[in-house]
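The values are calculated or read from the model by the stated rules, or taken from the named source; none is laboratory data. Since the structure is predicted, the reported quantities are computational estimates derived from the model, not experimental observations. Every residue, glycine among them, receives a Cβ derived from its backbone with ideal geometry; neighbour counts consider all protein chains shown.
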Amino acid sequence: MVLADFFQWLQTPGLTHFLLISGILFSLGVFAILTRRNAIMVLMGIELVLNAANINFLAFSRFTTGTLDGHVFAIFVIILAAAEAAIALAIILNIFQNFNSVNIDEINQLKD
Amino acid sequence: MVDQALLSLAKFLPEITLAITFCLALLVGVIFRSRPRLSMWVALLGVVVSIALTIREMGITESVFSGMIAVDPFATFFKLIVGSSAIFIFLFSLYSAEVLSTMKRLVEYSSLLVAMTLGMYLMVGATNLLMMVLSIELTGLSSYVLAGYTKEASDSSEASLKYIIYGALSTGLMLYGISILFGLTGGAMDIYAINRALVTSPVNPIALLVASLLIIAGLGYKISAVPFHFWTPDVYEGAPITITAFLSVASKAAGFAMLIRFFKIAFIDSSAVGLPAGIWITLQGFEWNKIIAILSVLTMTLGNLVAVWQNNLKRLLAYSSIAHAGYMLMGLAILSDKGIAAVLIYFVVYMFMNLGAFYVVMLVSNKTGSEDIDSYKGLGFRSPFIGVSMVIFFISLAGLPPTAGFIGKLFIFASLLDAKWIWLAVVGAINSVISLYYYVRVVRNMFLRDPDENSGPLKFSVPEIVLLLLLVVPTLLFGLYYSPIVDFANASARMLGVH
């Protein structure tokens, strides 16, 4: 019975569904940032966090406000993510030339 | 719509100047390939012009570009702080061995510094969530690159990697917080509209708390408040000294301006009546100022306690700048115009003393190639003027009279006592005492230890000394004659749309 209710709930997508997805995506992103040792993986985690915010913006825009503000915000966030990725990859390339590794645990010359 | 945008342009001249300067600096670099220094002069000139245009905007209170940016005394004040520190940084760069060693990339260096300044000019005036995010990113993206400017040095590239990872993470957290706030307030992007929405229809307090904590994570990273400070020591140590100095003063100032404006406008109860003049209260059921007070205690205590163990002077100054952010946060926590004015006074003072301390570190590292505290042994005898200047900056940073640092602390503590936050004042005072210990440790090395056997006196050129005087004199002068900065700060504590 509970399962039937759940499927019923799944079939009528509303704001909650999208917020749930974005919450999961956000948590996965933070998890990747905290646990991954490869700098590129950490960057991918950051992209997940940004996209979770995008889903929130779009969902709120569609279900509560009815304006395009959220869409505009999301487009800007996508552009920001691209700019950030470009610069981050350039920096990681430079790190690889200096350290021969992109493992963030091995890049720790600066310490107390 | 078009008319309004055109009218707004007239109030947007400092930013336009910087945007043009950015392009010009790049162009000049391409055309005059053999003279990379030329683009630095172009950039310097552009920043000077933008400051002149900012001074012309003094006293104006207006909203431009349909509520995207506010041009008000508060923003003007911070633009002047950011602009003047940018000028100092350009002048430092002319004598920095580290920057000049990579002469070929001087064009990028100067144009990115201008872009960073532009980002900060936008940060201090942003009154729209989208504008806030974009300006933080403009500042951030330029500074990530600049932190790794001497890219052959592994320290520098490590600093830039750490900076961008922490920076991107905190922007991500902040954006997620903003998206929740956006939904809670029914699609409000303007911070005034957010305030109206929150005052008229109360929202779920837990969701509001989560959203604002995530936003504090983003802004706290900019001002390096504990627990968002992890990048600060590494980036400050690894980045070129000129960039470190710029980050510690201008970037922090812009972050503070945005933090104060956002919290003061979005999260105060603007419908409250019968309050004494200059006092505001938080929204019902959401006491964000308690969060700020806790952050401030953590920030100054951790900054000061960890600074005690540092042996690298840049790293020591990094922790000291974390501690100073803590002192300044106290001014926001007490919710009064007096507290905000005290923060502004502190920033004027902080700019001179902190830039000065970093400049001395740069001069010494130009000659000795080291930033270690041990390399400062007997500096007072090897170069008496530099030694004495450093002592003045350190006395000021510790907050002792007769220097400007004392005045800054005095006004913060006076506003705390005024608002009856005695316990916070006591914590702040204890912290000042702790900070004295590590500053004195360096001074002892400079004056009470003999220099190494084979080290002769250090000679500095006349322009270098003049530049140092430009920082030492205000640090001393504002300690004795402080009424101009106090008046200026009081006049600048006014924001668009707040009575």
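Checked against the criteria, residue A:73 does not count as crowded, with 19+ Cβ neighbours inside 10 Å, among the aromatic types (Phe, Trp, Tyr), closer than 20 Å to residue B:214 by Cβ and touching a residue at least 40 places away in the same chain (Cβ under 8 Å).
Would segment A:90-97 turn up any residue that is more than 20 Å from residue A:47 (Cβ to Cβ) and touching a residue at least 40 places away in the same chain (Cβ under 8 Å)? Scanning segment A:90-97 turns up no residue that is more than 20 Å from residue A:47 (Cβ to Cβ) and touching a residue at least 40 places away in the same chain (Cβ under 8 Å). Residues in segment A:1-54 that are among the small types (Gly, Ala, Ser), more than 10 Å from chain B (Cβ to nearest Cβ) and either part of a helix (DSSP H, G or I) or touching a Leu at 6+ places or on another chain (Cβ under 6 Å) (or both): A:4, A:27, A:32. Annotation: residue B:50 fulfils all but one of (1) touching a strand residue (DSSP E or B) at 6+ places or on another chain (Cβ under 7 Å); (2) at pLDDT 95 or above; (3) hydroxyl-bearing (Ser, Thr, Tyr); the unmet one is (1). In segment B:410-429, the residues that are free of Cβ contacts under 8 Å to residues at least 12 places away in the same chain form Cβ pairs under 6 Å with partners that are part of a helix (DSSP H, G or I) and not charged (D, E, K, R), at six or more places apart or across chains, as follows: B:417/B:425. Within segment B:441-450, if we keep just the residues that are assigned to a loop (DSSP other than H, G, I, E, B) and touching a residue at least 24 places away in the same chain (Cβ under 8 Å), the residue that is farthest from the chain's Cα centre (by Cα) turns out to be B:450. Of the helices (runs of 4 or more DSSP H) contained entirely in segment B:204-323, those carrying at least 1 residues that are β-branched (Val, Ile, Thr) and within 30 Å of residue B:103 (Cβ to Cβ) fall at B:231-238, B:241-246.
Residues of segment B:132-161 that are more than 19 Å from the chain's Cα centre (by Cα) and in a helix (DSSP H, G or I): B:154, B:155, B:156, B:157, B:158, B:161.
Taken over segment B:451-494, residues that are within 27 Å of residue B:270 (Cβ to Cβ), out of contact with any Ser or Thr (no Cβ under 8 Å at 6 or more places or on another chain) and in a loop (DSSP other than H, G, I, E, B) amount to 1.
Collect the residues in segment A:55-96 that are more than 30 Å from residue B:158 (Cβ to Cβ), in a helix (DSSP H, G or I) and within 8 Å of chain B (Cβ to nearest Cβ), keeping them in residue-number order. Within segment A:55-96, A:56, A:57, A:59, A:60, A:61, A:64, A:65, A:69, A:70, A:72, A:73, A:76 meet the criteria. Pull up segment B:76-115, narrow it to residues that are modelled with pLDDT of 90 or more and closer than 14 Å to residue B:239 by Cβ, then point me to the one that is surrounded by the fewest Cβ atoms within 10 Å (Cβ to Cβ). Taking the candidates together, the pick is B:96. Of the candidates B:76, B:61, the single residue that is over 21 Å from residue B:139 (Cα atoms) and touching an Asp or Glu at 6+ places or on another chain (Cβ under 7 Å) is B:61. The sole residue among A:85, A:53 that is surrounded by fewer than 20 Cβ atoms within 10 Å (Cβ to Cβ), touching a residue at least 12 places away in the same chain (Cβ under 8 Å) and closer than 30 Å to residue B:194 by Cβ is A:85.
Which of the residues that make up segment B:143-161 are of a type in the set (A, V, I, L, M) and either crowded, with 24+ Cβ neighbours inside 10 Å or in contact with a Leu (Cβ under 8 Å, 6 or more places away or on another chain) (or both)? Spell out how you get there, then give the answer.
Step one: of segment B:143-161, the residues of a type in the set (A, V, I, L, M) are B:145-147, B:153, B:159, B:161.
B:145, B:146, B:147, B:159, B:161, listed by residue number.
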